[in-house]
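Here the structure is laid out as structure tokens; the discussion comes afterwards.
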Amino acid sequence: MASTVTMTVNGKSVTGAVEARTLLVHFLRETLGLTGTHVGCDTSQCGACVVHVDGRSIKSCTILAVQCAETEVTTIEGLATEDTLHPMQEAFRENHGLQCGFCTPGMVMSAVDLAKNNPDPTEHEVREWLEGNLCRCTGYHNIVKSVIAGAKSMRG
Amino acid sequence: MNALPETGIGAPVRRREDFRFLTGRGNYTDDINRHGQLHAWIVRSPHAHAVIEAIDKTPALAVPGVVAVFTGADMVKAGVGSLPCGWLINSRDGTPMIEPPHIPLSPERVRHVGDQVAVVIAETRQQARDGAERLGVTYSELPAVVSMPDAIKPGAPQVWDQAPLNSCYDWEFGDRAGVEAAFKGAHHIARLELVNNRLVPNAMEPRSAIGDFDRGTGEYTLYTTSQNPHVIRLLMGAYVLNIPESKLRVVAPDVGGGFGSKIFHYAEEAIVTWAAGKLARPIKWTADRSESFMSDAHGRDHVTTVELALDKDGKFLALHEKTLANMGAYLSTFSTCIPTILHSTLLAGVYTTPVIYAEVRAVFTNTVPVDAYRGAGRPETTFLLERIVDVAADEMGIDPVELRRRNFIPTDAFPYQTPVALQYDSGDYFTTLEMATKEIDYAGFEARRAEAARRGKYRGIGVSSYIEACGIAPSQVVGALGGRAGLYESAEVRVHPTGSVTVFTGTHSHGQGHETTFAQLVSDLLQVPMASIEIVHGDTNKVAFGMGTYGSRSLAVGGMAIMKAVEKVVNKGKKIAAHLLEASEADIEYKDGKFQVAGTDKSKAFGEIALTAYVPHNYPMETLEPGLDESAFYDPKNFTFPSGTHICEVEIDPDTGVTEIVNFVAADDFGRIINPMIVDGQVHGGIAQGIGQALLEGCIYDQAGQILTGSYMDYCMPRADDLLNFKVSTHNVPAVDNALGVKGCGEAGAIGSPPAVINAIVDALSQLGVRHVEMPATPQRVWQIIHDKRAAKAA
Ligand code: FES
Ligand code: FES
């Protein structure tokens, strides 16, 4: 039942054996050891697993690894270079947009996609966009601030 | 003493833990993989109550990759013990509570949906799951009981044969005769029945545990998502698995939120550790979210009647509370003290009520065990108090803010002895109330209400003035009240030869930012830069001992232990400096990172003293040991008492029943603040959870004991677009009973906000004759109330 899948993850081509039922999130975490992408639920509600596939944010628990063959995947580990943070990551740090950090990779990946498509989002737009990302720690107040600030610095 | 303003006490220092969390380099339990690791899948009961007639392992063992299947019978045969409850409560007649056994895998009978029946262990998680699906378990179903009022009726199904009428204990507290007398002479008695709805804590990181066993050394290791690693080691090692503590290491690495639900010792921790010993291979278990819903301890779940007696001026004369508290099917680690010790001892609230009497009956039902959840007992107290104060205000025609003010404990009355055991050390309830009413423009509310009415909306405003008891111990008090542990905290401060410092703390961080706050504290106390201070927590092999983090105890208790250890380091440094500077020890003072002979310019820098301690070429060897490493245990004198006022303004759409929170302000007193940015964040998170309880969240069972809200599809978690930006501020009166002056802020939001929201909703609907609305005030519930009241009026 195992098959082989090849995709580009964070700029590197990777090949791995997967079962037909293997979800992208499990391929990333277990086969590739990219544990920054988290699993917070089994009903595609929490957004802890958000990554970019071909530039679009997607819940990696809702897609099979084999469906991602020949795609470009970016995870939180690939968002910034080694020691500098992406402007969105920096905005989360500066605005205390995280506490336990578990929802954070998914939040940041969602936020980056929002900012790409809507460079100057209003508070209302940010809250609506983050509807698919749960955070139990921050009450979202500082996340919303972070996303607005991050989008601003992405505009440059 | 603040020579390091940008990082010292009071500075909003950005968190050092954020870099790893933001870049995916956090190290949560499920991120860990051990060489040769197997995976466990727990087989859970689909029934709320049933006898396990037979388990056929064969089909599961036939699944490719399955290595072993263990059942409760295997555990009993191996002598595995019962998960202990940490608090003994005696009933009013002096008899001890009923404490039923809780074997990690249930050997004979299952008592709630999700109860552990067996574990299937396989090479991969999917194979373990496949095996679990094939396991042949034969149940014979028994009648189940879910609601507490049903459970205490004669003839109700019995969760435990040894607990008649499903009663765990029947406890009373306070002055019954005094309350009865005061009620007789009262001008007015306000009375209310209310429910504190059952919640699922839902830390975003599901629980996970990895058991490991080294046959060569006989040592066990457990990696687990815990707020409390040393206590897990103690409970699991000594009471459940019989492993000496020296042979058991418990590691709680990065933990993705807890809110209380990760304090407790859970069956799965014992299962993977025990099975790892049997198979001599590491075994990992990670919960699915749906599994979390039926295996993480739930929170709240009280049914209460409360009565408040007042004189003609609205002064509170007496309070009587009668509560049924759900324990679920088993007693979770701290379950029994939540509705008693942590709840009833706060019934004075911020008021001068002279006599108080509480009756609490703990009830077994066929539901998931209930235990501490953000605030633990105190949100329940605050909810009933702040609701009954509003009911009384309404009935007596006094403004709710004015009624609160008339009954507040005066600011010059501290220390204030309440009639329910606690002595509040400091506080100023008037100022936070003023701040909050000003911020929300309380005076201008009626104009806003009228404006909303013109748009066809009901607008309401709700006030809640709370107090909480944080920083749990003191140990002697805890012991006298039935606690089976001490509740001090430990710290070790290790100064390295080059002057850098590692601090080991027995508290645990799962989002609170200890690595930053504690480093700030030590930097300030020791006058060394934050960059040279490391904070270590969460590993029993590194930290000598600890009691973990909950009840906002980390800074008030753990921080004090650190402070004491730092003082010892400084004292030893003074001895070394005295020797080096040929001065008397009494003349050495420590300032700005230097040991100085008072009144002279002779000094030695902190780093020089550290080096001397480790390179003792010129050293008073007869009187002093080499090394600069000190530890301390701190057992607090008293709890700390944060307080404040939260005010919520809502607008209700009568056509849809949707409640929109249009404004929310919080003004709190947290004592001395180390990092205001982190404090604000804690308050935001707490408010969100409190609003969640008030408007959205509620764990619902059907009559047969099935959880109807068993995933994020059905359990309504607050999302970004359900909430708004909160306005938080503080007016901080330092705590008196700890030298740091700190109080604690972790639960405040979850305690203060639910009554503010419900008071606002009731206020909005009061013109329809509504006196109370149960939580969660969902659109359906609110719409129904509006609809019924309007229909009754029309009739
Ligand atoms: S794990 Fe993908 S949405 Fe929750
Ligand atoms: S920071 Fe903990 S869940 Fe969002």
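The values are calculated or read from the model by the stated rules, or taken from the named source; none is laboratory data. As the structure is a computational prediction, the values presented were derived from the model and not from experiment. Using ideal geometry, Cβ is built from the backbone for each residue, glycine included, and neighbour counts are taken over all protein chains shown. Heavy atoms of the whole protein, side chains included, go into the accessibility calculation; ligands, DNA and RNA do not. Shrake-Rupley method; radii C 1.70, N 1.55, O 1.52, S 1.80 Å.
Please give the number of the condition B:Leu628 fails out of (1) in the same structural domain as B:Glu439 (by the TED database); (2) open to solvent by less than 10 Å² (accessible area, probe 1.4 Å); (3) not small (Gly, Ala, Ser).
Exception for B:Leu628: condition (1).
Only one of these is in contact (Cβ under 8 Å) with a residue 24 or more places away in the chain, in a helix (DSSP H, G or I) and either within 17 Å of B:Val66 (Cβ to Cβ) or assigned by the TED database to the domain that holds B:Pro59 (or both): B:Ala132, B:Ala118. Name it.
It is B:Ala132.
With the range B:1-107 as the region, which helices (runs of 4 or more DSSP H) entirely inside it contain at least 3 residues that are more than 16 Å from ligand 1 (Cβ to nearest atom) and without any contact (Cβ under 8 Å) to a residue 12 or more places away in the chain?
Filter on the range B:1-107 gives B:18-22.
Hey, any hits in the range A:20-28 for a residue that's over 23 Å from A:Ala111 (Cα atoms) and loosely packed, with under 15 Cβ neighbours inside 10 Å?
yes
Of everything in the range A:98-156, what is β-branched (Val, Ile, Thr) and touching a helix residue (DSSP H, G or I) at 6+ places or on another chain (Cβ under 7 Å)? Give them in sequence order.
Within the range A:98-156, A:Thr104, A:Val108, A:Val112, A:Val126, A:Thr138, A:Ile143, A:Val144, A:Val147, A:Ile148 meet the criteria.
So B:Cys745 ticks every box in (1) more than 20 Å from B:Gly114 (Cβ to Cβ); (2) away from ligand 1 (no atom under 16 Å from the Cβ); (3) surrounded by fewer than 24 Cβ atoms within 10 Å (Cβ to Cβ) but one. Which box is left unticked?
Answer for B:Cys745: the failing condition is (3).
Report yes if some residue within the range B:662-678 is among the polar types (S, T, N, Q), more than 23 Å from the chain's Cα centre (by Cα) and in a strand (DSSP E or B); otherwise report no.
Scanning the range B:662-678, I find at least one residue that is among the polar types (S, T, N, Q), more than 23 Å from the chain's Cα centre (by Cα) and in a strand (DSSP E or B), so the answer is yes.
Being within 16 Å of ligand 1 (Cβ to nearest atom) and modelled with pLDDT of 95 or more, is that true of even one residue in the range A:138-155?
The answer is no, given that none of the residues of the range A:138-155 is within 16 Å of ligand 1 (Cβ to nearest atom) and modelled with pLDDT of 95 or more.
Residues that are at pLDDT 95 or above and either open to solvent by 10 Å² or more (accessible area, probe 1.4 Å) or touching a Leu at 6+ places or on another chain (Cβ under 9 Å) (or both): does the range B:469-486 have at least one?
Checked against the condition, which is being at pLDDT 95 or above and either open to solvent by 10 Å² or more (accessible area, probe 1.4 Å) or touching a Leu at 6+ places or on another chain (Cβ under 9 Å) (or both), the range B:469-486 yields no hits at all.
Being within 14 Å of chain A (Cβ to nearest Cβ) and either of a type in the set (Gly, Ala, Ser) or within 30 Å of B:Gln706 (Cβ to Cβ) (or both), is that true of even one residue in the range B:333-348?
no
Taking only the range A:29-41 into account, find how many residues are near ligand 1 (Cβ under 7 Å from one of its atoms) and more than 20 Å from A:Thr104 (Cβ to Cβ).
Of the residues in the range A:29-41, 0 are near ligand 1 (Cβ under 7 Å from one of its atoms) and more than 20 Å from A:Thr104 (Cβ to Cβ).
Looking at this structure, is B:Thr730 closer than 17 Å to B:Ser295 by Cα and not small (Gly, Ala, Ser)?
Numbers: closer than 17 Å to B:Ser295 by Cα: no; not small (Gly, Ala, Ser): yes.
Spelling it out, it is not the case that B:Thr730 is closer than 17 Å to B:Ser295 by Cα and not small (Gly, Ala, Ser).
Take the residues in the range A:40-52 that are surrounded by fewer than 24 Cβ atoms within 10 Å (Cβ to Cβ) and either among the hydroxyl-bearing types (Ser, Thr, Tyr) or within 16 Å of ligand 2 (Cβ to nearest atom) (or both); name whichever of them is farthest from the other protein chains (Cβ to nearest Cβ).
So, considering only residues that are surrounded by fewer than 24 Cβ atoms within 10 Å (Cβ to Cβ) and either among the hydroxyl-bearing types (Ser, Thr, Tyr) or within 16 Å of ligand 2 (Cβ to nearest atom) (or both), the one farthest from the other protein chains (Cβ to nearest Cβ) is A:Ser44.
Look at the range B:556-583 and say how many of its residues are touching a helix residue (DSSP H, G or I) at 6+ places or on another chain (Cβ under 7 Å) and either within 30 Å of B:Ile263 (Cα to Cα) or of a type in the set (Phe, Trp, Tyr) (or both).
4
Quick one: B:Ile283 ticks every box in (1) more than 14 Å from chain A (Cβ to nearest Cβ); (2) in contact with a helix residue (DSSP H, G or I) (Cβ under 6 Å, 6 or more places away or on another chain); (3) open to solvent by 10 Å² or more (accessible area, probe 1.4 Å) except a single one, so which number is it?
(3)
In the range B:246-278, what count of residues is obtained for those that are touching a residue at least 60 places away in the same chain (Cβ under 8 Å) and farther than 22 Å from B:Gly746 by Cβ?
Selection size over the range B:246-278: 16.
Mind checking which pairs have a first residue in the range B:317-328 that is open to solvent by 30 Å² or more (accessible area, probe 1.4 Å) and a second that is in a strand (DSSP E or B) and among the acidic types (Asp, Glu), Cβ under 9 Å, 6 or more apart or different chains?
Close Cβ pairs satisfying both conditions: B:His320/B:Glu307; B:His320/B:Glu359; B:Lys322/B:Glu307; B:Lys322/B:Glu359.
Name every residue in the range B:135-157 that is crowded, with 17+ Cβ neighbours inside 10 Å and not in a loop (DSSP other than H, G, I, E, B), in order of residue number.
Selection gives B:Val137, B:Tyr139, B:Met148, B:Ala151.
Which of the following residues is farther than 21 Å from A:His141 by Cβ, open to solvent by 10 Å² or more (accessible area, probe 1.4 Å), of a type in the set (A, V, I, L, M, F, W, C) and in contact (Cβ under 8 Å) with a residue 12 or more places away in the chain: B:Ala777, B:Ala764, B:Ala794, B:Ala739?
B:Ala739
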